[in-house]
Structures are given as C-alpha cells and as structure tokens.
Amino acid sequence: MARIWLLNGPNLNLLGVREPAVYGRATLADCEALARARAGALGATLDFRQSNHEGVLVDWIQAARDGADALILNAGAYTHTSVAIHDALKAFEGPVIELHLSNPHAREPFRHRSFVGPVARGVIAGFGAQGYALAVDAAAGLLGG
Ligand code: DQA
C-alpha cells in the first residue's frame, strides 16, 4: 500500500475564515476529507498534519524518510523563505509534490520564489481545496498506484 504524507504549514489551520477571497471557504478539515476520499479510492494510506512551526515541519519531513513513500507539502509562507525545509526535502528519497490552494505566481512577487519547487517532482497550485485530491492522485500515480 502506498504511504502518502500530506503536510501543511503555517496559517493553514485558519482555512475557511482566512482571506476567503484568496483561499476559498473550505476548511482544512474539508481539504483533509477530499484528500482522504481520494487516497481511499486509490488504496493508499494518508497521514495528514498541520503545524505553524518550521522546526516541526522539518522534523516531520525527516520522519517521512522512514514513514512515507511520497510527500505532499503545502508549506504556506515557508515555501518562500525556508532553506531548512528545502534541505530536509532534499534528504527525502521519494517524490515530493508542492501544493498550494492559490496560484502564488499570480500573486505578489515575494510569492514567486519557492524553496520547495526545486526539490519537487511537480506543483499543484490554483485549484483551491480540490488541489488536495489532485495532489493525492499525482502522488499515487508517481508511486505506480
Ligand atoms: C499558500 C500560498 C502561500 O503563498 C501562502 O503564504 C499560504 C498559502 C496556498 O496554499 O495558496 O499560506 O501556500
């Protein structure tokens, strides 16, 4: 069974109430439900987590070396700032998928740089909560599921 981990970074716990014009009305629990439904349909297991703390995300990415076959990461604002997350992802041997609800390239210039992108197999951005299901599809597909 493919083991997929989906990690969420800072402020994503506020989905649903945070800038709904940008991120939509779906909550993180709604995103999780979409991802879980897709994982279930594909026969994959899903570990779904969120933290506001960079070091916690680094710890989880390191733990994924043993626990996950593929990693999906919506690193939130750390996408644009974190060399530590970039380095941790480099040590993960399976495929990494960068995920965003919005399309950072259509937003402020400071969101155009990603420290996740250079170590990702692919990027899913701009599809709102539905992107969570698309990312699980992509991860399972890369694992041959
Ligand atoms: C985000 C995009 C980031 O630029 C932003 O800092 C977020 C959310 C997204 O899912 O669209 O927190 O990762």
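We did not get these values from a lab; they are worked out from the coordinates using the rules stated. A quick note: this is a predicted structure, and the numbers were derived from the prediction, not measured. No Cβ is skipped: glycine too gets one built from the backbone with ideal geometry, and neighbour counts run over all protein chains shown.
Within region 17-35, can one find any residue that is within 13 Å of the chain's Cα centre (by Cα) and within 10 Å of the ligand (Cβ to nearest atom)?
Scanning region 17-35, I find at least one residue that is within 13 Å of the chain's Cα centre (by Cα) and within 10 Å of the ligand (Cβ to nearest atom), so the answer is yes.
Give L15, L71 a once-over and let me know the one that is within 21 Å of V123 (Cα to Cα) and touching a strand residue (DSSP E or B) at 6+ places or on another chain (Cβ under 6 Å).
Only one candidate passes the filter, namely L71.
Return the pairs, sorted by first residue and then second, in which the second residue is in a loop (DSSP other than H, G, I, E, B) and within 12 Å of the ligand (Cβ to nearest atom), the first residue lies in region 15-29 and is more than 17 Å from A75 (Cα to Cα), the beta carbons are less than 7 Å apart, and the residues are 6+ apart or on different chains.
The qualifying pairs are G16/A26; G24/L101; G24/G128; G24/A129; A26/L15; A26/G128; A26/A129.
For the structure I just gave you, tell me whether A84 is in contact (Cβ under 8 Å) with a residue 12 or more places away in the chain and crowded, with 18+ Cβ neighbours inside 10 Å.
So A84 does not fit the description; no.
Could you tell me which residue of region 1-16 is farthest from the ligand (Cβ to nearest atom), considering only residues that are out of contact with any Gly (no Cβ under 7 Å at 6 or more places or on another chain) and in a loop (DSSP other than H, G, I, E, B)?
The selected residue is G16.
Any residue that is assigned to a loop (DSSP other than H, G, I, E, B), in contact (Cβ under 8 Å) with a residue 24 or more places away in the chain and away from the ligand (no atom under 13 Å from the Cβ) - is there at least one of those in region 61-72?
Yes - at least one qualifying residue is present in region 61-72.
Please go through region 93-120 and pick out each residue that is loosely packed, with under 14 Cβ neighbours inside 10 Å and more than 15 Å from the ligand (Cβ to nearest atom).
E93, P118
Select from region 115-145 the residues that are more than 19 Å from R36 (Cα to Cα) and either of a type in the set (D, E) or part of a loop (DSSP other than H, G, I, E, B) (or both) and list them in ascending order.
Residues satisfying the conditions are F115, V116, A120, R121, G126.
Select from region 83-92 the residues that are over 12 Å from G117 (Cβ atoms) and of a type outside the set (V, I, T) and write down the one among them that is farthest from the ligand (Cβ to nearest atom).
Looking at residues that are over 12 Å from G117 (Cβ atoms) and of a type outside the set (V, I, T), I get A91.
Take region 45-60 and flag every residue that is away from the ligand (no atom under 12 Å from the Cβ), in contact with a Leu (Cβ under 9 Å, 6 or more places away or on another chain) and either of a type in the set (F, W, Y) or not in a loop (DSSP other than H, G, I, E, B) (or both).
The answer is L46, D47, F48, R49, L57, W60.
Would you say A125 is near the ligand (Cβ under 10 Å from one of its atoms) and within 12 Å of the chain's Cα centre (by Cα)?
When the stated conditions are applied, A125 passes them.
Need the failing condition index for T79 against (1) closer than 16 Å to G128 by Cα; (2) assigned to a helix (DSSP H, G or I); (3) within 12 Å of the chain's Cα centre (by Cα), just the number.
Going through (1) closer than 16 Å to G128 by Cα; (2) assigned to a helix (DSSP H, G or I); (3) within 12 Å of the chain's Cα centre (by Cα) one by one, T79 breaks only (1).
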